[in-house]
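Engineer: My questions will all concern the structure given below.
Just so it is clear, none of the values below were taken in a lab; they were calculated from the coordinates. As the structure is a prediction and not an experimental result, all values here were calculated from the model. So basically every Cβ, Gly included, is an ideal-geometry build from the backbone, and we count neighbours across all protein chains shown.
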Amino acid sequence: MNQLTDKQAIRQIIRQRRRDFFGARAGKQWSLPEDRFGQMLDRGTILASYFPHGSEADPEPVVRMALGALATIAYPRVDADGLMRFYTFGPSRSLCRDTANMLAPGKDAWLSRPDVILLPLVAFDRTGTRLGQGGGHYDRAIAALGQLPAPEHTAIARPPIVRIGIAWSVQEHPPLPRDPWDIPLDHIITEQEWITP
């Protein structure tokens, strides 16, 4: 089996495992270790979240904590050029379907550069490798954000973007194949634990 086939097979297996797990815990909430996550947040932090699709782990507990710390919340939108960017809601707080047919901030939203990005995923391993849906949207978006210059009014370099995978514990997999363009996670939060590779 080649690596592409391996990734496809892993996605298929883990998606089914995730659906089964999600169905069994319908309506149950999860929480996160406040001490670990709270250290990353302060007033003015921009946290990029996502709208969960299907059986994806819902990042809502993380978003609530971030709002409590007066962080700003942004959401991804895949624009017409195929690149995912992150936006904070505009005055209308409208939603739309982006070019990937995912729920996203509307056209009056403001482009943002997040400090922390919450990433949905299909599978993860303990080295921080993330297996997503296969489109590469997050990897390309994070790579593009890393190339943005610091604002002209400051000589301070931008700190690296903190990448946190949000998943159910059943999505863990033994070491996953990693391509050169795959950007690893800094942390993974599940309903059971906080993992730092």
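Engineer: So what's the back-of-envelope 222 nm ellipticity for the chain, counting only DSSP H runs of four-plus at -39500 (n - 2.57) apiece and dividing by all residues, rounded to 500?
Structural biologist: About -7000 deg cm²/dmol.
Engineer: Would you mind calculating the gained length between ARG113 and ALA69 on full extension (0.36 nm times residue separation, minus the Cα-Cα distance), in nm to one decimal?
Structural biologist: Going from the current span to full extension adds 14.0 nm.
Engineer: Rounded to the nearest 5, what % of the DSSP beta bridges within the chain are antiparallel ones?
Structural biologist: Around 50 percent of the beta bridges assigned by DSSP in the chain are antiparallel ones.
Engineer: If you don't mind, there's one more thing I want to ask. Quick one: dipole size for the chain, taken about the Cα centre, charges +1 on Lys/Arg Cβ and -1 on Asp/Glu Cβ, in debye to the nearest 20.
Structural biologist: 360
Engineer: Let me ask you something else. Can you give the Kirkwood hydrodynamic radius of the chain from its Cα pairs, in Å with one decimal?
Structural biologist: Working: mean 1/r = 0.0571 Å⁻¹.
Evaluated over the chain, this radius sits at 17.5 Å.
Engineer: Starting from the 7 Å offset along Cα-to-Cβ, what nm value, one decimal, do you get for the label separation of THR127 and THR99?
Structural biologist: Each label point lies 7 Å from its Cα, and together they span 3.3 nm.
Engineer: Once the piece of chain linking ALA80 and THR196 is laid out straight, how much longer is it, given 0.36 nm per residue of separation minus the C-alpha distance between them?
Structural biologist: 38.3 nm
Engineer: Counting only C-alpha contacts under 8 Å and six or more residues apart, can you give the relative contact order of the chain as a whole percent?
Structural biologist: Relative contact order comes out at 22 percent.
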